[in-house]
Each structure stands twice: as C-alpha cells, then as structure tokens.
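K.L.:
My structure is below; once you've seen it, I'll send some questions.
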Amino acid sequence: MVTFLAGGTGTPKLLDGAARVFEPAETAVVANTGDDVELGGHLVCPDVDTVLFAGGGVLDHETWWGIDGDTTATHEELRRLADEVGLGTAPRYLDDAAQTAGREIARWRRFSAVGEFMEIGDRDRAVHLTRTSLLDEGKSLTEAVGVLADAFDLDVDLLPMSDDPVATLVHTEGGETLHFQEYWVARRAEPAVADVEFRGAADAEPTDAVLDALAEPVVIGPSNPVTSLGPMLALPGFERALRETPVVAVSPFVGDEVFSGPAADLMRGVGRKPSTAGVADAYPFADAFVLDDDDPTELDRHVERTDTRIADADDAERVARACERALAAVTDEPAGARPPGGGAE
Ligand code: GDP
C-alpha cells in the first residue's frame, strides 16, 4: 500500500503516471479540503474533484480543474442576472452568523451564488449538487466522495483529509482576510500575503480512513506546502502520523524557482524560504526528497534526483519511480510489498 497527499495540480499530475509504478487498487489519495467553498449552498471541493476528474478521465488538463469540454450556461446566467441589477460578480460572503449556522459544512467559506465569482461548469455543478445532497441525506464527506468515486470509476481510494470543515484564509499586508478562493480566483494572488490561517483545523479531525492510510508509506507529490499540505498538517494528529511512517516528498521547486502557482508568495508570507530548502524545513517528518537534476539544494536527508517537470504520463511515471526508489531507500521493506496493515508495529 502507498498513500499520496494531494493538492490540486502537482500531485494529480504525478498520479497520471503513478499507476504504472504503484498498483492503483493499493493506492490511497488523501486530498486537501482547506480550499473548499460552499457556493450558493453547494459544497465545492476543488482538490478532491481534480483527483476525481483526472481518475475518471474527464479532467480539463488545460486548467487542472473542471470537466473537459464542460458548458457554463448556468454560471453565465448567474453572472448576467447579477450584472443586470448592479450586484456585480465579486465574491459575496454570507454574514458571520450564516457561516456556522444550519448545515455544519460551512466555516467562513460560505458564499452567495449571486454573480458567481468562481466558474462552475454545468456538469461540474452536478457533482457539487450530488455531493451536497448526499451530505444532506446524512452521509459523511468521505462517504459522499466514495459515491462520486464509484460514479467516475476511480481505481484509487480517494479520501478527503477530514469530514470536518477547515477554511484556508489569507491575511493580507493590507489587513484584509480573504478566503483562499477569493485570494486566488477573484484577486489573482495579487494582495501581499501577511499570514495564512486554517480556520477550524484545531477542532477538525483526520478521518479514521485517513489515519489508516497514514500508517502506510506516504508520497507527498509536488504540492503547495502552505495551502495544500498546510491544512492537513494543521489537523490534530496528522503530523504525528507522518513522523511514524516513511515519507518521501517531491519538491514543487527547482532550487528557488517554482513551477507554477502562488507557492513562493505564500511561503514568503508565512515566513518560510520560497525554495526547496524551505519545503524541507516545512516537512521535518519527510525521510526523503525527490529533487530535480538541476536543483542545487543539498539536504541532510535521502535525496533521489530526476527531471521533475511533469508534462505527461511518461514524466509522471519517471518521477513516481524516483519516489519508489526513495521509499525503498528509507524503508526496510519495499513499498507495495508491505504486509497488510504493516509498518506501524
Ligand atoms: P494547487 O494547484 O494550488 O492546488 O496546488 P498544488 O498543491 O497542487 O501545488 C502546485 C505545486 O505544484 C506548485 O507549487 C508547482 O510549483 C508544482 N508543480 C506544478 N507543476 C509541476 C511539475 O511539473 N513538476 C513539479 N515538480 N512541480 C510542479
């Protein structure tokens, strides 16, 4: 067995070729839910859904979110209606009382759908409606995601990090508090980051399924350490579980160059070096790292090197093989050959 920890781009890219290295039926993927928002009453789980759509073969590989070729008729009509009456298309938080009232799936991540600030495709929306309705029927988020994983014929075991709400909030130098989706989607990561908060994490718990998955060797794909791994590490017991199992992390940097996205700004914002060295500092529990051939960083932990740019499944397979070598180097038994429930004796 092996467990991947996933955000919304880097690890899903790696998973595209990982199936050739790690048996999918023996693979769990723990997905970040700190980016989730409730929009017009529907729970949107961007990182969970990227893994879902990628595994189901329907992901839009241009954006790394949403369904390929999806239409946006409902989204466009929501924006047209709001514009028509001067309400605009900026993010519209529900008021403080509404953030924790009613359904227990919100926590300062609850937005009105008036003017819908995030683009939600029509087929994509069907997933959010189904998920929210399954929650309303009394299922946990883990169970609801399990139903969706069956609908998309997923080979891996896809697990949200927690059934409890956690909201990644960005505090800006200007004194604003923005939900991560407002910072990223509506504000294009322009505001200077002063700090990042994982609201609700201290009261949230990793699920039993996640804790079981963390007893296996863990691969942290090239993820954003602040907004994809940060919410997981903020959950009570998560980091302790990682300390007790072999962990390999793929750097999302080459030295101090980031491949894509806001990871460097966010690392700086939380006082970490925006580089591979900063990632290593953020992951004291990691036993090994996979670094790019051109990465000059020297680490005091086991390092496997390869070309870590992932443009297609062949690249992903190459990086996954480096992860497998790294795990083998820091584990007594090779990954995939551990006895059932093994590793945590
Ligand atoms: P999200 O897209 O914001 O949810 O973020 P992720 O947690 O998936 O992190 C994206 C990270 O993946 C960024 O920091 C990128 O630098 C990194 N990344 C994107 N593409 C590649 C790639 O091809 N190779 C590697 N090594 N990292 C990548």
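Here, each number is a calculation from the coordinates, and none is a lab measurement. Nothing here was measured: the structure is a model prediction, and the numbers come from that model. Cβ placement follows ideal geometry from the backbone for every residue including glycine, while neighbour counts extend to all protein chains displayed.
K.L.:
Relative to the Cα centre, what is the charge dipole magnitude of the chain, using +1 at the beta carbon of each Lys and Arg, -1 at the beta carbon of each Asp and Glu, and rounding to the nearest 20 debye?
P.N.:
Details: 28 positive and 66 negative charges, 108 e Å.
Computed charge dipole of the chain: roughly 520 debye.
K.L.:
Please list the non-local residues whose amide H lies under 5 Å from the amide H of Ala249, H modeled 1.01 Å from N, same-chain partners needing a gap of 5 or more.
P.N.:
Here the answer is Ile220, Ala288, Phe289, Val290, since their amide H atoms fall under 5 Å of that of Ala249.
K.L.:
Going by Cα centres, the range 51-70 and the range 109-181 are how many Å apart?
P.N.:
Their Cα centres are 15 Å away from one another.
K.L.:
Additional query: Only Cα pairs within less than 10 Å get springs; with that Gaussian network setup on the chain, which residue of Arg188, Arg110, Arg243 has the largest fluctuation?
P.N.:
Maximum among the listed residues: Arg188.
K.L.:
Pop out the ³J(HN,Hα) list for the range 203-208 in order, Karplus 6.51 cos²θ - 1.76 cosθ + 1.60 with θ = phi - 60°, rounded to Hz; leave Gly and Pro as x.
P.N.:
With coefficients 6.51, -1.76 and 1.60, one gets 9, 8, 10, x, 6, 4 Hz.
K.L.:
Treating only the Cβ atoms of Lys and Arg (+1) and Asp and Glu (-1) as charged, compute the dipole magnitude of the range 190-245 about its Cα centre; round to the nearest 20 debye. Please list the in-between numbers first.
P.N.:
Numbers: 3 positive and 10 negative charges, 26 e Å.
So the magnitude is around 120 debye.
K.L.:
Under 5 Å between amide H atoms, partner at least 5 residues away or on a different chain: which partners does Val254 have, H built in plane at 1.01 Å?
P.N.:
Answer set, sorted by chain and number: Phe259.
K.L.:
Sorted from largest down, give the three principal axis spans of the alpha carbons of the range 114-206, whole angstrom values.
P.N.:
Computed over the range 114-206, the largest-to-smallest principal extents equal 44, 33, 26 Å.
K.L.:
While we're on this one: Tell me what the chain gives for mean residue ellipticity at 222 nm when only DSSP H runs of n ≥ 4 count, each as -39,500 (n - 2.57), the sum divided by the residue total, rounded to 500 deg cm²/dmol. Present the calculation step by step, with values, prior to reporting the outcome.
P.N.:
Working: 12 runs with 110 residues, N = 345.
Value at 222 nm, helices only, nearest 500: -9000 deg cm²/dmol.
K.L.:
How much length, in nm to one decimal, is gained on full extension between Lys273 and Asp256, taken as 0.36 nm per residue of separation minus their Cα-Cα distance? Walk me through the intermediate numbers first.
P.N.:
On the way: separation 17, 0.36 × 17 = 6.12 nm, distance 0.84 nm.
Gain in length upon complete extension: 5.3 nm.
K.L.:
Could you let me know the centre-to-centre spacing of the range 270-295 and the range 80-100, using Cα atoms, in angstrom?
P.N.:
39
K.L.:
Two-decimal Rg/Rh of the chain from alpha-carbon positions, Kirkwood Rh?
P.N.:
On the way: Rg = 19.4 Å, Rh = 20.3 Å.
Rounded to two decimals, Rg over Rh is 0.96.
K.L.:
Then there is this: In what sequence, highest mean first, do 159-165, 289-295 appear when ranked by Cβ atoms within 10 angstrom? Show your work: numbers first, answer last.
P.N.:
Numbers: 159-165: 24.9, 289-295: 20.7.
Order by mean packing, descending: 159-165, 289-295.
K.L.:
Where in the range 138-173 does the label zone of Arg123 land, with the point 7 angstrom along Cα→C-beta and an amide N cut-off under 18 Å?
P.N.:
Counting only backbone N, you get 148-155.
K.L.:
Follow-up question, since we're still on this one. Counting Lys and Arg as +1 and Asp and Glu as -1, what is the net charge of the other residues whose Cβ lies under 12 Å from the Cβ of Arg188?
P.N.:
Neighbourhood net charge equals -2.
K.L.:
Here is a follow-up. Specify which residue in the list Ser223, Val254, Thr207 is farthest towards the positive end of the charge dipole of the range 185-254, using unit charges on the beta carbon of Lys, Arg (+1) and Asp, Glu (-1), about the Cα centre.
P.N.:
My answer, from the dipole projection, is Val254.
K.L.:
Ranked highest first by the average count of other Cβ atoms within 10 Å around their residues, in what order do 176-183, 6-13 fall? Please report the intermediate quantities before stating the final value.
P.N.:
Working: 176-183: 21.2, 6-13: 27.6.
The packing order, highest mean first, is 6-13, 176-183.
K.L.:
Here's a follow-up. Would you mind counting up the charge near Phe4? Only other residues with Cβ under 11 Å from its Cβ, with Lys and Arg at +1 and Asp and Glu at -1. Could you put the intermediate results ahead of the total?
P.N.:
Numbers: positive: none; negative: Asp157, Glu216.
After counting each charged neighbour, the total is -2.
K.L.:
Give the long-range amide H neighbours of Thr72: residues separated by 5 or more places, or on another chain, with amide H under 5 Å away, using H modelled in the peptide plane at 1.01 Å from N.
P.N.:
Sorted by chain and number, the residues that satisfy this are Asp122.
K.L.:
Which peptide among 56-65, 81-90, 276-285 comes first, and what is the full order, when sorted by highest mean count of other Cβ atoms within 10 Å? Could the numbers behind the result be given before it?
P.N.:
Details: 56-65: 15.1, 81-90: 12.1, 276-285: 19.9.
Final packing ranking: 276-285, 56-65, 81-90.
K.L.:
Any chance you could run the full-extension gain for Thr71 through Asp153? It's 0.36 nm times the residue separation minus the Cα-Cα distance, nm to one decimal. Walk me through the numbers before you get to the answer.
P.N.:
Details: separation 82, 0.36 × 82 = 29.52 nm, distance 2.22 nm.
Here the segment from Thr71 to Asp153 would lengthen by 27.3 nm.
K.L.:
Among the DSSP beta bridges whose two residues both lie in the chain, what percent are antiparallel, rounded to the nearest 5? Could you put the intermediate results ahead of the total?
P.N.:
Details: 17 of 42 bridges.
Antiparallel: roughly 40 percent of the beta bridges in the chain.
K.L.:
A further question follows. Can you give the net charge of the other residues whose Cβ lies under 10 Å from the Cβ of Thr172, counting K and R as +1 and D and E as -1?
P.N.:
On the way: positive: Arg187; negative: Glu173, Glu176, Glu190, Asp195.
Taking every Cβ under 10 Å from that of Thr172, the sum is -3.
K.L.:
Take the Cα of Arg80, step 7 Å along the line toward its Cβ, and report every residue of the range 118-151 whose backbone nitrogen sits under 20 Å from that point.
P.N.:
Residues passing the 20 Å test: 118-126.
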